Ligand SMILES: [Zn+2]
């Protein structure tokens, strides 16, 4: 038998607190997820070990959700990617409970950590509001969490996140492969497979902004029209100054590497001022749909290794990560020899 059910997710609790503090929710005129719940998902931290032990090893899905604390322009909270990951996770859980009712879904508490802020593209490695961790640290946290779950015999572990940095994605792909390889488990980095087929869906942006937006405002992405929209949809923490921000046009992905040569970068690109909650809803729904497709393939035991994954190649690990590790090691050994 399965233990008692829990009906509030972390995000809905946060929203209740935020709504109480603000006195009111925003009036976006669309069906918002702010009071939504993940019905009958189990929250790992609320269970006793005896209750966890009662779960069916083959018919439980553990969901590991990661975020990142990262500057998101002057208008979005630094937890933006965490909120998006939670929004996608909650939608995915609802779909899985309909399509795969024979499984219990267990939500591991959100780990709000990630690698590589977008500020690195501007060569601003210590940007205020970005608290990123090294790629190897992130990978090892995911490995240790996944291994602890798999060591108890649980077969299905899904990783959800919402951050595009290549090494951030590699960390989770390697963690998933390691745990799957070393244990008789199926740990899947769902989000990097979703990203392998594309990030924010340009066709949906076109439906909302009309054709030709790429020429006008460039690629969307970090804190721009798409991400400001998803934030407007998911919570109440968007600063209204987004409506006054000037566009910062990056014409294509290769041009991201030249952001550091330009003046006036404020931590976003494309045009936040055109954001709407309605666009955000459609973009989150699209991520949910694509995540559910991959999750269903994983549960069916399909081979996912032929699917495109982000990134397609292992990027170089920055020198500063190795330097930090060497600094820690040297400090520890000098301290011990004192
Ligand atoms: Zn983001």
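Taken together, the values in this text are just the output of simple stated rules run on the coordinates, not laboratory data. What you see is a predicted model, and the numbers here were worked out from it, not measured in a lab. Neighbour counts are summed over all protein chains in view; Cβ atoms, including those assigned to glycine, are modelled from backbone coordinates with ideal geometry.
Data table
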{"read-out": "Descending semi-axes in Å of segment 257-305, equivalent ellipsoid built from Cα gyration tensor", "value": "35, 19, 5"}
{"read-out": "Relative exposure of 124, 71, judged by other C-beta atoms within 10 Å (fewest first)", "value": "124, 71"}
{"read-out": "Centre separation in Å (Cα based) which lies between segment 130-208 and segment 87-112", "value": "15 Å"}
{"read-out": "Cα convex hull of segment 186-338, projected area averaged across orientations, nm²", "value": "14.0 nm²"}
{"read-out": "Sequence of 187, 145 once ranked by neighbouring C-beta atoms within 10 Å, starting from the fewest", "value": "145, 187"}
{"read-out": "Order of 178, 287 under a 10 Å beta carbon neighbour criterion, fewest first", "value": "178, 287"}
{"read-out": "For segment 82-142, radius of gyration divided by Kirkwood radius, i.e. Rg to Rh on alpha-carbons", "value": "1.13"}
{"read-out": "Ratio of the Cα radius of gyration of segment 111-186 to 2.2 N^0.38 Å, where N counts its residues", "value": "1.22"}
{"read-out": "Where N is the number of residues in segment 293-338, Cα Rg divided by 2.2 N^0.38 Å", "value": "2.16"}
{"read-out": "The chain, relative contact order in percent, only Cα pairs under 8 angstrom and at least six apart counted", "value": "20 percent"}
{"read-out": "Extent along principal axes [Cα atoms of segment 145-189; Å; largest to smallest]", "value": "31, 16, 13"}
{"read-out": "Stokes-Einstein translational diffusion, segment 190-261 - Kirkwood Rh over all Cα pairs, 0.890 mPa s, 25 °C, in µm²/s", "value": "179 µm²/s"}
{"read-out": "Of all DSSP beta bridges in the chain, antiparallel share, percent nearest 5", "value": "15 percent"}
{"read-out": "Projected-area mean, the chain, by convex hull of Cα positions, square nanometres", "value": "19.5 nm²"}
{"read-out": "Calculated [θ] (222 nm, deg cm²/dmol) that DSSP helices of n ≥ 4 give over the chain, each run adding -39,500 (n - 2.57)", "value": "-13500 deg cm²/dmol"}
